[in-house]
Amino acid sequence: MTSLKLSVLDQSPIRRGGTAAQAISETLELARLCDELGYHRYWLSEHHGTGLASATPEILIGQVAAQTKDIRVGSGGVMLTHYAPLKVAEQFRMLETLFPGRIDLGVGRAPGSDMRTARAMADGHPLTDVDRYPEQLMDLYGFMSGTLPASHPYHGIKAQPVGESLPEMWLLGSTRASARYAAELGWGFCFAHFISQEGPETVLKEYEAAFEPSPFLARPRTAMGVSVTCAETYERAEYLSWSRWGSRVVTRARGQQGSGVITPEEAMAIDYTEPELDYLAYLRQSYIHGDPGTVRARLEDLAAEYATDELVLVTITYDFESRKQSYRLLAEEFGLRA
């Protein structure tokens, strides 16, 4: 058994030729499996206008929590720049009331979409200025903790329902600015390693050095989101990983948003340009894949290198059974239920 906590980030990927309804059904099935396997928490992402079906984590969280028993459930994360902090606070206070002691509220500032879709999210109004993000975080802090100062224009407004416990509060990001926000708020910080592998040591150290205790958290708490594919053999894991790598090139380098996860065969058959081959090499180096022993060694090295005791694993394969098997193999390798 390991002291390293393993958790899950589910983006509800839609496979090419599949449907969003299938992706959501698979999210619920995978959540039930990961609860049985002993994973620590299960986070749902927020994306709009992409090949990912999870656009409303606040709704999915309630369904996942209702269909599981032990695993913590939360957002990874709510894109706060789209919303009024009071509404987010009330959504997650309600979830915490329904499932006390099991809810996480993770927030971020990325749009989770292309800019045209982000404008649609704003319903034709000017997009929220990202410079207001710190103010939104402070308002969310105040509504969740009931500590808006007397000078605040919304002082005295209560985010309902007021219960006996609060969700765990997390800020998700990959920059020093995000780390500072999390530290000053006294929230947990999850570094998005699967988005950017640049500078996690500096970012996490800055968070821990600047951390201030809060009603939510007495000591620093870090996690790291990591892209992982595990299979019975290294060769099988590499084959499965081509779906993820090829899909990333198609969506990022070629701008084909919403095209869905492609098969390994499709990915390997693409005639990649030189810049795309460079990007593929980067993905192959940064995404962790292999047999259970290889993956465990790399995950433990990563956790030790950056002094974190929790890794949040995101696994995307074209074949859903292979995705479930990846989580099964790692749960067995790490002895989670043991």
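The values are calculated or read from the model by the stated rules, or taken from the named source; none is laboratory data. Just so we're clear, the structure is a prediction, and the values are computed from it rather than from any experiment. Backbone-built Cβ (ideal geometry, glycine too); neighbour counts: all protein chains shown. Accessible surface areas use protein heavy atoms only, side chains included; no ligands, DNA or RNA. Shrake-Rupley method; radii C 1.70, N 1.55, O 1.52, S 1.80 Å.
Before moving on, here are some points about what is shown:
- Take the chain with all the other protein chains still there, run a 1.4 Å probe, and you get 44 Å² of accessible area per residue.
- The charge dipole of the chain, taken about its Cα centre with unit charges on the Cβ atoms of Lys, Arg (+1), Asp and Glu (-1) only, comes to about 560 debye.
- Segments 29-40, 207-218 sorted - mean Cβ within 10 Å per residue, highest first: 29-40, 207-218
- Dipole-positive endmost among PHE92, GLN11, GLY290 within the chain (Cβ charges, Cα centre): PHE92
- Volume of the Cα convex hull of region 149-268, divided per residue and given in Å³: 208
- Cα gyration tensor category, rounded, prolate or oblate, for region 18-104 with a/c compared to 1.5: oblate
- Dividing the mean sequence gap of close Cα pairs (under 8 Å, 6+ apart) by how many residues the chain holds gives a relative contact order of 20 percent.
- Convex hull per residue volume in Å³, alpha carbons only, for the chain: 135
- When peptides 292-299, 16-23, 41-48 are ranked by their average number of other Cβ atoms within 10 Å per residue, the highest-first order is 41-48, 292-299, 16-23.
- Cβ-derived FRET efficiency at R0 22 Å, GLU238 paired with GLU274, nearest 0.05: 0.50
- Considering only region 1-75, percent of DSSP beta bridges that pair antiparallel, nearest 5: 10
- Helical content alone sets the calculated 222 nm signal of the chain at -13500 deg cm²/dmol, taking -39,500 (n - 2.57) per DSSP H segment of four or more residues and averaging over every residue.
- Entry note, region 193-332: relative contact order of 36 percent, from Cα contacts under 8 Å with a spacing of 6+ residues.
- The residues packed around ARG180, meaning those with a beta-carbon under 14 Å from its beta-carbon, carry a net charge of -1 if Lys and Arg are +1 and Asp and Glu are -1.
- Convex hull of region 52-102 built on C-alpha atoms - directionally averaged projected area, nm²: 3.8
- Most mobile of PRO153, PRO57, PRO13 in a GNM of the chain (Cα contacts under 10 Å): PRO153
- This model, with +1 at the C-beta of Lys and Arg and -1 at the C-beta of Asp and Glu, gives region 1-93 a dipole about its Cα centre of some 120 debye.
- Summing +1 for each Lys or Arg and -1 for each Asp or Glu among the other residues whose beta-carbon sits under 12 angstrom from that of VAL73 gives -2.
- Other residues with beta-carbon under 14 Å from the beta-carbon of ASP35 carry, at +1 per Lys or Arg and -1 per Asp or Glu, a net charge of +4.
- Share antiparallel - DSSP beta bridges, the chain, percent rounded to 5: 5
- The ellipsoid equivalent to the alpha-carbon distribution of region 227-338 has semi-axes of 26, 16, 12 angstrom, derived from the gyration tensor eigenvalues as √(5λ) and listed largest first.
- Extension gain, ALA297 to ALA177, is 40.2 nm, computed as 0.36 nm per intervening residue step minus the present C-alpha separation.
- Charging the Cβ of each Asp and Glu at -1 and of each Lys and Arg at +1, and nothing else, the dipole of region 161-296 about its Cα centre rounds to 280 debye.
- Gyration tensor over alpha-carbon atoms, region 196-248, equivalent ellipsoid semi-axes in Å: 35, 13, 10
- Among THR233, THR97, THR81: highest mean-square fluctuation, GNM of the chain, C-alpha pairs under 10 Å: THR233
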